[in-house]
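Below is one structure, written out as structure tokens; the observations come after it.
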């Protein structure tokens, strides 16, 4: 038999915690001296304390553990192990998803830090699907909160995305004039009525702390070669340091290659 102090040293669990486990009826001492009230534990109970520690590490409420203990103070370790394994697998999946998100985020930061702010550059961007909402005015003096309020009406399920979706402003130029939209990137396997496919292509881009989407035609004039049909996209991007009041934006322009590609 081990005193409460000895079992505490062996397991690394504080005496206070051991008394709490007894109070919530998940770890009773093997013997309590009727004279002194001292608590004594069997050596095997160190393994049970390990089970309790495992539950804590998995964020399983300790009161749930009592559901695996019957009226004879018998712990169904097999059932609890299966339950703990399920919880652990779910946590591993969540952690892996978080790591994938961080990896993707770091890759985007590295990508955008390659380009000088304020200078035009080109880069290849894969095909993207955008859920678009028509905007009846131009984007002069439009603030981020208004964009976010528009996006609230779009169904969004985080599980549909492998990484953070892009969102922002889109202008479609044609011989008929300019159409304005607010967009959020849509999963490619879930097309909708308001989904617009932006083809994989070489884009002309420029980064700036201010919105320049309404000046895009002038900014990219030398690259448009007199074309009247093209698409302009403005979305927030991240560099190594992020200023919430002055987020970095990337302005992109793509000349429409065919009406079929851009339906």
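Taken over region 40-62, the criterion of being loosely packed, with under 14 Cβ neighbours inside 10 Å and under 12 Å from residue 77 (Cβ atoms) is satisfied by 44, 47, 50. Residues that are over 23 Å from the mean Cα position of the chain (by Cα), in the same structural domain as residue 139 (by TED's automatic domain parsing), assigned to a loop (DSSP other than H, G, I, E, B) and modelled with pLDDT under 85 occur in region 228-236; there is at least one. Filtered by the rule that a residue be out of contact with any strand residue (DSSP E or B) (no Cβ under 8 Å at 6 or more places or on another chain), in a loop (DSSP other than H, G, I, E, B) and over 14 Å from residue 166 (Cβ atoms), region 117-150 gives 140, 141, 143. Scanning region 117-144 for residues that are closer than 17 Å to residue 212 by Cα, surrounded by fewer than 10 Cβ atoms within 10 Å (Cβ to Cβ) and under 27 Å from the mean Cα position of the chain (by Cα) gives a single hit, 143. Among the residues making up region 62-75, a single one is in contact with a helix residue (DSSP H, G or I) (Cβ under 8 Å, 6 or more places away or on another chain) and more than 16 Å from residue 87 (Cβ to Cβ): 75.
Screening 153, 159 for residues that are modelled with pLDDT under 85, assigned to a helix (DSSP H, G or I) and surrounded by fewer than 19 Cβ atoms within 10 Å (Cβ to Cβ) leaves exactly one candidate, 159.
Yes or no: region 27-37 includes at least one residue that is under 21 Å from residue 87 (Cα atoms) and modelled with pLDDT under 90. Explain how you work it out, then say what you get.
Looking only at region 27-37, we keep the residues that are under 21 Å from residue 87 (Cα atoms), and these are none.
No; the residues of region 27-37 include none that is under 21 Å from residue 87 (Cα atoms) and modelled with pLDDT under 90.
So which residues in region 63-90 are closer than 10 Å to residue 26 by Cβ, within 34 Å of the chain's Cα centre (by Cα) and exposed (fewer than 11 other Cβ atoms within 10 Å of the Cβ)? Matches in region 63-90: 63 only.
The values are calculated or read from the model by the stated rules, or taken from the named source; none is laboratory data. All values derive from a computational prediction rather than experimental measurement. Quick reminder, even Gly has a Cβ in these numbers, built from the backbone with ideal geometry, and neighbours come from all protein chains shown.
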